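Asks: Pasting a structure here, questions to come.
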Amino acid sequence: MSSIKLQGSGIERTLSHEEQQTKINEVRQLLGPIADKLPNFCSNASILRYLKARNWNSKNACKMLKESLKWRLEYKPEKIHWEDVACDAETGKIYRSNYLDKYGRTVLVMRPGFQNTTSTRRQIKYLVYCMENAIMNLASDQEQMDHYPERLGIAILHNPPKIFESFWTMVKPFLEPKTYKKAKFVYSHCPESQKIFEDLFDMDKLESAFGGRNTVGFDYKEYSEQMREDDRKMTDFINSGYSPPSVLSDFPQSESSVSGCGSYEEVSCGDDRIDPAGSDDLTDEKIPGHLGCKDCANVLTEAQEKVMQMSESA
């Protein structure tokens with residue numbers, strides 16, 4: 001019998017396969033006709049992720065899923081192409097790594113310290129492109145990012161500044177236990193915490209910025225070629241009438257992403273939501289001297305849970 005743990009009031013119980021299916025059917029009924037109009041986004045696996053993200057509350061899961069469907073219809077993330085965001089990628093502030101973690105999860109590297117534009121709209125657009133690309137490249141047995149619920153497996157914060165530690169202490173009580181337990185802190189001066197990287201990654205492949213032995217940096221030209229090839233794959237899927245393997249269809253779960261800024265780095269695997277409708281900066285100017293910020297990065301790897309925001313219940 002397939003079962004899954006349900007958390008509530010600090011107590012865990014299991015949901016049988018039948019109970020899970022009952023919850024899925026409840027959400028599908030609440031969705032109404034839209035579930036048939038957008039079957040790729042309303043598959044059992046997709047609904048299951050939203051139920052997990054909302055602690056198995058069918059009404060809340062339905063509301064969250066409807067918001068995601070509305071967002072996808074309006075924002076059309078699958079229509080964002082490399083040429084639309086290429087200039088935001090020049091510094092390697094966000095990129096999908098060419099290696100997986102030891103669990104076969106996609107790794108997305110994010111380095112806020114390499115920010116090179118001032119337009120929030122553009123920055124979010126590039127982030128969404130990266131998330132969609134990461135999901136499209138998931139292995140067949142991986143699935144775990146609001147509009148990307150239950151996609152975070154683990155988030156590693158590398159050398160976070162003291163101010164962030166204080167912020168985390170204040171925010172933690174408001175997060176679901178399953179969310180904050182995904183966050184791991186790693187310090188370069190602490191060999192014990194550094195072991196988290198060793199347990200998750202092949203150190204020969206992990207970037208030296210995180211203590212790995214890979215000294216090859218981000219190659220914009222090579223990365224551009226890979227992204228153009230991925231764009232062609234996406235276009236072929238859409239034109240052929242089929243859904244992209246992981247972005248639009250009933251794919252398994254996995255996550256990944258890496259981000260960093262100022263004096264900290266972060267690594268994680270999982271799922272959270274991104275709100276592209278956030279604040280809009282109208283300027284698209286490059287930020288002069290963007291390399292002046294200390295190199296750091298956050299790594300997020302996508303796992304069997306699902307694209308993450310710390311303030312969002314995963």
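FYI, it's all coordinate maths here, none of it is from the lab. In this text, all values refer to a predicted model and were calculated from it rather than measured experimentally. In this analysis, Cβ positions are derived from the backbone assuming ideal geometry, glycine residues included, and neighbour counts consider all displayed protein chains.
Asks: Within 15 Å, Cβ to Cβ, of residue 238, how many net charges do the neighbouring residues add up to if Lys/Arg are +1 and Asp/Glu are -1?
Replies: It works out to a net charge of 0.
Asks: On to the next question. Grab the other residues whose beta carbon is less than 13 angstrom from that of residue 223, score K and R as +1, D and E as -1, and report the net.
Replies: In short, -4.
Asks: What fraction of the DSSP beta bridges in the stretch 54-192 is antiparallel, stated in percent and rounded to the nearest 5?
Replies: The answer is about 50 percent antiparallel.
Asks: Sticking with this structure for a sec: Do any trypsin sites (Lys or Arg not before Pro) in the stretch 182-240 lie in a loop, going by DSSP, with at most 12 other beta-carbon atoms within 10 Å of their beta carbon, and if so which?
Replies: 213
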